[in-house]
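Step one of this worksheet: look at the structure below.
The values are calculated or read from the model by the stated rules, or taken from the named source; none is laboratory data. Just so it is clear, the structure is predicted and the values come from calculations on it, not from any experiment. All Cβ positions, glycine included, derive from the backbone under ideal geometry; neighbour counts span all protein chains shown.
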Amino acid sequence: MSRKYFWLTTILLVLALTLVACGGTAPTTEAPAEEEAATVEEAPAEGEATEEEAAPAADGANQLEFFSWWTAGGEADGLNAMYEVFKKEYPDIEIVNATVSGGAGSNAKAVLATRMQSGDPPDSFQVHAGHELIDTWVVADKMEPVTFLFEENGWLDVYPQGVIDILSYNGEIWSVPVNIHRSNVMWYNPAVFEANGLTAPTTFEEFFAAADTLKAAGVTPLALGDNGIWASTHLMETVLLGALGADGYRGLWTGETDWNSPEVTNALDTFAKMLDYVNEDHAALSWDQAAQMVVDGDAAMTIMGDWADGYFFSLGLTPGEDYGFAPTPNTDGTFMMLSDTFSLPKGAPHRDNAIKWLTLAGSREGQDAFNPVKGSISPRSDSDRSLYNAYLQSAMDAFASNEITPSLAHGAAASEGWVTAFNDIMTLFVTNRDVAATQAAMAQACVDAGICGQ
Ligand code: GAL
């Protein structure tokens with residue numbers, strides 16, 4: 001993508017999400033004006049598909065192939081809950097559940113890219129709002145716009161403008177948002193905390209003090225499952241947020257914050273120190289296996305997005321009783337957000353069915369079936385709060401009142417190329433813990449992404 005567009009979307013993202021935070025528009029009962037829907041008002045790109053042009057390659061089958069990486073407890077259950085609603089409405093459509101396991105799409109994205117490049121798209125696929133959607137797929141001319149769905153279903157009135165903005169490009173909306181996830185959550189085992197006389201740490205200092213107590217008691221303080229390196233990137237983004245604050249963190253992705261600053265050094269030092277308190281087998285575990293360590297009392301805490309709430313829900317656990325939750329150290333008042341969206345790729349073989357699927361996915365009924373199980377909140381202003389557990393209700397309140405920052409690990413903050421470079425840097429860092437080399441590499445990655453000057 002061009003540098004100009006990167007800046008534009010990043011600024012929009014920050015502005016829009018700040019507006020959401022300040023204006024309390026998520027959730028809200030205030031209806032945004034229809035014409036506000038797509039704020040990036042530019043002429044449609046040449047060769048852009050219209051509804052009519054994108055004719056499906058009919059294979060005669062009455063199917064819906066949906067592609068995702070949702071295979072773990074909670075995320076798979078959420079998807080199934082949405083499928084159930086769909087099946088009830090369309091019993092004749094056969095659902096083809098195309099999944100490639102691996103949290104955060106660590107394996108799925110490569111498979112999807114191959115399929116898309118070879119002209120074999122699924123009917124719809126899961127994609128993160130923000131840079132991942134726009135840079136990877138929309139700018140590459142692989143998507144159909146779905147503005148018509150927003151118009152036909154009255155969604156312009158129920159989705160927060162900040163969310164619509166990060167799905168918009170060239171005056172169109174390009175995907176249907178099904179949820180809002182929070183990435184900066186620390187989950188803990190209340191019984192283990194109580195047995196050690198601890199309460200949830202709110203600062204890094206308190207975190208390390210608690211970690212020392214736990215280590216001395218023979219409990220792994222922090223469970224990490226980074227067999228997909230994204231989980232370390234995820235932990236790192238929360239540490240960067242805690243060390244730099246919301247503005248400083250946002251500036252990392254716009255070139256306003258210096259990657260060579262002492263604050264970034266401090267964040268890297270903090271992350272390196274955290275590794276002294278994680279399970280030795282972290283590189284062999286997945287995020288949900290790390291969450292399970294907390295459930296079992298083998299570890300006291302894990303830092304993970306709130307799909308962990310969906311995982312705990314799938315085990316029949318109750319928030320506040322069986323597991324505790326708190327913002328990650330130093331990030332109270334900030335909501336690191338990401339959003340899963342469902343797309344309409346060009347050439348979807350069963351386009352009509354994809355449209356039925358997307359219509360359900362964007363509806364209140366679909367979202368309220370999906371999100372309470374998935375461990376996410378609905379972006380819709382009219383979702384039924386009573387269906388959501390205590391953690392998710394707290395997430396709704398935080399999303400409506402906190403500063404909003406975009407997640408790096410989950411596609412909102414930076415282009416996929418930059419995320420991949422960052423993941424590669426983290427692969428080395430978790431092994432060598434070389435702060436100076438890591439900081440230099442991170443600064444270079446910003447230059448390579450075209451955001452920081454030489
Ligand atoms: C995120 C995704 C979530 C959840 C998580 C773990 O990237 O947005 O919905 O699935 O990965 O797989």
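Values as computed for the structure displayed
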| read-out | value |
| --- | --- |
| Matching option when the condition is among the hydrophobic types (A, V, I, L, M, F, W, C), touching a helix residue (DSSP H, G or I) at 6+ places or on another chain (Cβ under 9 Å) and within 18 Å of Trp230 (Cα to Cα), among Val111, Val100 | Val100 |
| All positions within the stretch 329-357 that are among the polar types (S, T, N, Q) and within 16 Å of the ligand (Cβ to nearest atom) | Ser339, Thr341, Ser343 |
| Residues satisfying the stated conditions in the stretch 310-328, i.e. without any contact (Cβ under 8 Å) to a residue 40 or more places away in the chain and either within 13 Å of the ligand (Cβ to nearest atom) or more than 23 Å from Leu224 (Cβ to Cβ) (or both) | Gly316 |
| Tally, over the stretch 205-226, of residues that are under 18 Å from the mean Cα position of the chain (by Cα) and surrounded by fewer than 22 Cβ atoms within 10 Å (Cβ to Cβ) | 0 |
| Test for Ser394: is it outside the structural domain of Glu75 (by TED's automatic domain parsing) and either under 30 Å from Leu64 (Cβ atoms) or within 16 Å of the ligand (Cβ to nearest atom) (or both) | no |
| Where Ala445 falls short, out of the listed (1) within 18 Å of the chain's Cα centre (by Cα); (2) in a helix (DSSP H, G or I) | (1) |
| Test result for Glu263, assigned to a helix (DSSP H, G or I), more than 16 Å from Thr220 (Cα to Cα) and outside the structural domain of Gln126 (by TED's automatic domain parsing) | yes |
| Output for the stretch 97-134, where each listed residue is touching a Leu at 6+ places or on another chain (Cβ under 7 Å) and either away from the ligand (no atom under 13 Å from the Cβ) or among the charged types (D, E, K, R) (or both) | Asp123, Ser124 |
| All positions within the stretch 167-182 that are β-branched (Val, Ile, Thr) and either at pLDDT below 95 or within 14 Å of the ligand (Cβ to nearest atom) (or both) | Val178, Ile180 |
| Pro372 being within 16 Å of the ligand (Cβ to nearest atom), assigned to a loop (DSSP other than H, G, I, E, B) and under 20 Å from Ala76 (Cα atoms) | no |
| Subset of the stretch 374-397 (residues that are over 16 Å from the mean Cα position of the chain (by Cα) and not charged (D, E, K, R)) | Ser381, Ser383, Ser386, Leu387, Tyr388, Asn389, Ala390, Tyr391, Gln393, Ser394 |
| Residues satisfying the stated conditions in the stretch 202-234, i.e. in a helix (DSSP H, G or I), over 15 Å from Tyr188 (Cβ atoms) and either aliphatic (A, V, I, L, M) or outside the structural domain of Ala272 (by TED's automatic domain parsing) (or both) | Ala216, Ala231 |
| Which numbered condition Ile404 misses (of (1) part of a loop (DSSP other than H, G, I, E, B); (2) under 16 Å from the mean Cα position of the chain (by Cα); (3) away from the ligand (no atom under 14 Å from the Cβ)) | (1) |
| Test for Trp307: is it at negative phi, within 16 Å of the ligand (Cβ to nearest atom) and either over 20 Å from the mean Cα position of the chain (by Cα) or of a type in the set (Phe, Trp, Tyr) (or both) | yes |
| Selection status of Ala140, outside any helix (DSSP H, G or I) and under 26 Å from Met304 (Cβ atoms) | no |
| Where Ala361 falls short, out of the listed (1) within 27 Å of Gln63 (Cα to Cα); (2) not assigned by TED's automatic domain parsing to the domain that holds Glu94 | (2) |
| Long-range neighbours under 7 Å by Cβ, at least six apart or interchain, first residue at positive phi within the stretch 363-382, second within 14 Å of the ligand (Cβ to nearest atom) and assigned to a loop (DSSP other than H, G, I, E, B) | Gly375/Gly74; Gly375/Asp306 |
| Unmet criterion (only one of (1) polar (S, T, N, Q); (2) more than 25 Å from Ala445 (Cα to Cα); (3) away from the ligand (no atom under 16 Å from the Cβ)) for Asn266 | (2) |
| Residue within the stretch 146-165 that is touching a helix residue (DSSP H, G or I) at 6+ places or on another chain (Cβ under 9 Å), at pLDDT 95 or above and within 16 Å of the ligand (Cβ to nearest atom) present | yes |
| Count of residues meeting criterion [surrounded by fewer than 18 Cβ atoms within 10 Å (Cβ to Cβ) and under 21 Å from Trp155 (Cβ atoms)] in the stretch 314-355 | 1 |
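For every residue, the table says whether it meets (1) surrounded by fewer than 23 Cβ atoms within 10 Å (Cβ to Cβ); (2) assigned by TED's automatic domain parsing to the domain that holds Val419; (3) not in a helix (DSSP H, G or I).
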residue: Met236; (1), (2), (3): no, yes, no
residue: Leu241; (1), (2), (3): no, yes, no
residue: Gly248; (1), (2), (3): yes, yes, no
residue: Trp259; (1), (2), (3): yes, yes, yes
residue: Ala267; (1), (2), (3): no, yes, no
residue: Leu275; (1), (2), (3): yes, yes, no
